[in-house]
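The values are calculated or read from the model by the stated rules, or taken from the named source; none is laboratory data. Only a predicted model underlies this, so the values are computations on that prediction, with no experimental measurement involved. As a convention, Cβ positions derive from the backbone with ideal geometry for all residues, glycine included, and neighbour counts pool all protein chains shown.
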């Protein structure tokens, strides 16, 4: 029996083009990622990556989005991945408990720009990379993991997509994935640090590393091909069964709030309760959020000291939505950290682990919220927050999100429309060049 990584490589090598339904899902992920990246380009993390990447990787043929600057494919993918992941507005997948597209999309575009390929091929590469990344993540026993950080596993998908685009042999593609997995980021601080930091889930590092792994394998480097074979660590059925029959990218979730997905059900419930009751923030005595136990492992600071710490605080983000409206989380702005009204309400929000939700994660991230007003409790449960496959965002809602995030950012209104039009043209197998032209010409 071939090892698991070789079987994944055989699947990617035998796939010439993914079906229309999966290409459509890849198109949604691509548009969402580009919109989120446009907003993330102006973050401290985004600007720091842009400043440092040239010193690390040097000039090359691949575009830094929303600018005229070009770096090596790994360097460009690193910067663009930072843009896509810095605000925690990027898509995710329940089975993986993380964010595939912020890695896969920048990597695929960095390589595709230097080839003459069709729109279908670009979307197929995104779907293939997404598939391998999610399978690698979902095959682990997530309950037993110290952290689910995306940087631990997204490199498998980046290497798979890169190998497919580079037309690497099955054996070389397998080694690319094995190298990416073996050299993935450690994320050692996750789970105990209470300080905000822009390194976060390590997605940009894993993205660059996945591309570099493909180049290393193509040059003759080898990786531990059996690293996914340990059955006590990786469920082989979850990893390998049904390859090509069901595609992970069809079940992506999309975000309305720039914070950890684990907070979204609580935010949806709290906002709906406040609207239903017609009360002001000052009338709220207390907010109790019952949720799954893993959510309590977040820092959850009522008064976070950085934007990144705020993204991982369910009380703070819920308070922002209640005080300033849900739109204040798209994206969450640094100024909110000093908002006295937000801080005052956040101090009244209590989170508890509920036995009702034992075993719910990662399949769902539910919450039950109780608003206590004038001593009277009113409760609402949300199992599937908006954007989940069970409560999806429509195509129009995703287009509206893209428009909102690109408005006033690095793209002009004309340029924003050009990017959206170029993305949707890929579904009809349109050329990829118009997309790169729209992304690389600064307004």
Within region 218-242, work out how many residues are under 25 Å from the mean Cα position of the chain (by Cα) and either surrounded by 14 or more Cβ atoms within 10 Å (Cβ to Cβ) or closer than 11 Å to residue 174 by Cα (or both).
8
Among the residues of region 288-307, are any without any contact (Cβ under 8 Å) to a residue 40 or more places away in the chain, surrounded by fewer than 16 Cβ atoms within 10 Å (Cβ to Cβ) and more than 20 Å from residue 367 (Cβ to Cβ)?
no
When the residues of region 99-117 are filtered to those that are at pLDDT 95 or above and not in a helix (DSSP H, G or I), which remaining residue is nearest to residue 158 (Cα to Cα)?
100
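Helices (runs of 4 or more DSSP H) wholly in region 387-441 with at least 3 residues that are at pLDDT 95 or above and over 18 Å from residue 122 (Cβ atoms) - which ones?
Where helices (runs of 4 or more DSSP H) fall fully within region 387-441 and carry at least 3 residues being at pLDDT 95 or above and over 18 Å from residue 122 (Cβ atoms), they are 395-406.
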What are the residues in region 241-266 that are in contact with a strand residue (DSSP E or B) (Cβ under 7 Å, 6 or more places away or on another chain), under 22 Å from residue 297 (Cα atoms) and part of a helix (DSSP H, G or I), if any?
261, 265, 266
In region 33-45, is there at least one residue being in contact with a strand residue (DSSP E or B) (Cβ under 6 Å, 6 or more places away or on another chain) and assigned to a helix (DSSP H, G or I)?
no
Of the residues 378, 369, only one is assigned to a strand (DSSP E or B), farther than 19 Å from residue 312 by Cβ and more than 25 Å from the chain's Cα centre (by Cα); which?
378
Tally the residues that are farther than 25 Å from residue 78 by Cα and either at pLDDT 95 or above or touching a helix residue (DSSP H, G or I) at 6+ places or on another chain (Cβ under 6 Å) (or both), restricting the search to region 141-174.
3
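Here is a yes/no grid of residues against (1) crowded, with 19+ Cβ neighbours inside 10 Å; (2) farther than 30 Å from residue 293 by Cβ:
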position	(1), (2)
353	no, no
356	no, no
362	yes, no
365	yes, no
368	yes, no
382	yes, no
403	no, yes
413	no, yes
416	yes, yes
Report yes if residue 322 is closer than 21 Å to residue 374 by Cβ, crowded, with 17+ Cβ neighbours inside 10 Å, free of Cβ contacts under 8 Å to residues at least 60 places away in the same chain and in contact with a helix residue (DSSP H, G or I) (Cβ under 8 Å, 6 or more places away or on another chain), otherwise no.
yes
